[in-house]
Amino acid sequence: MSGRISAIASLVTTFGVCPTGSDINSTYHSLVLVEEKSVAPDLVITDMIMPNMNGRELIERLQGQHPRLKVLYMSGYTDHAVIHNYMLEPGQRFLQRPFTFETAAATIRSILDSGD
């Protein structure tokens with residue numbers, strides 16, 4: 001498990017959330033969990049740029065089964081660059097790396113508490 005994934009898994013555990021699939025490091029494994037094993041995630045945290053499929057494409061696939069899926073996108077690119085390169089629409093939740101534990105915690109808590 002990468003250090004970044006491990007840190008986020010530890011963070012969401014502090015909210016009483018079980019980070020199912022926190023060791024997943026590919027879009028394929030994420031899709032298998034949701035599409036074939038019927039896992040219904042409360043929140044998906046994904047990077048924008050990944051091999052084989054970007055974060056937006058992954059979420060579009062997952063939302064086919066879970067239209068109200070809560071999502072947090074991450075990237076080392078600025079939110080301005082991500083939005084203007086068609087990757088993210090205004091209003092979608094985005095966390096720019098690097099981020100502090102406090103910023104990530106507040107963002108994740110806000111998403112989990114939202115009525116969306």
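The values are calculated or read from the model by the stated rules, or taken from the named source; none is laboratory data. Note that this is a predicted model, so its numbers are computed, not measured. Please note: Cβ atoms are built from the backbone with ideal geometry, for glycine as well, and neighbour counts cover all protein chains shown.
Out of segment 61-88, which residues are assigned to a helix (DSSP H, G or I), modelled with pLDDT of 85 or more and farther than 18 Å from Ile111 by Cα? Working first, answer last.
At the first step, the residues of segment 61-88 found to be assigned to a helix (DSSP H, G or I) are 61-62, 79-84.
Adding the requirement that they be modelled with pLDDT of 85 or more leaves 61-62.
Within segment 61-88, just Arg61 meets the criteria.
Which residue pairs have Cβ atoms under 7 Å apart, sit 6 or more places apart or on different chains, and have a first residue in segment 33-48 that is in a strand (DSSP E or B) and a second that is at pLDDT below 85?
Cβ pairs passing all conditions: Ile45/Ile8; Asp47/Ser75.
In a helix (DSSP H, G or I), surrounded by 12 or more Cβ atoms within 10 Å (Cβ to Cβ) and at pLDDT below 85: is that true of Ile111 in this structure? Write out each step before concluding.
On the way: in a helix (DSSP H, G or I): yes; surrounded by 12 or more Cβ atoms within 10 Å (Cβ to Cβ): yes; at pLDDT below 85: no.
Judged against the criteria, Ile111 is not a match.
List, please: which pairs have Cβ atoms under 9 Å, are six or more places apart or on different chains, and start with a residue in segment 99-110 that is β-branched (Val, Ile, Thr) and end with one that is in a helix (DSSP H, G or I)?
As it stands, the answer is Ile108/Ile8; Ile108/Leu11; Ile108/Val12, since those pairs meet every condition given.
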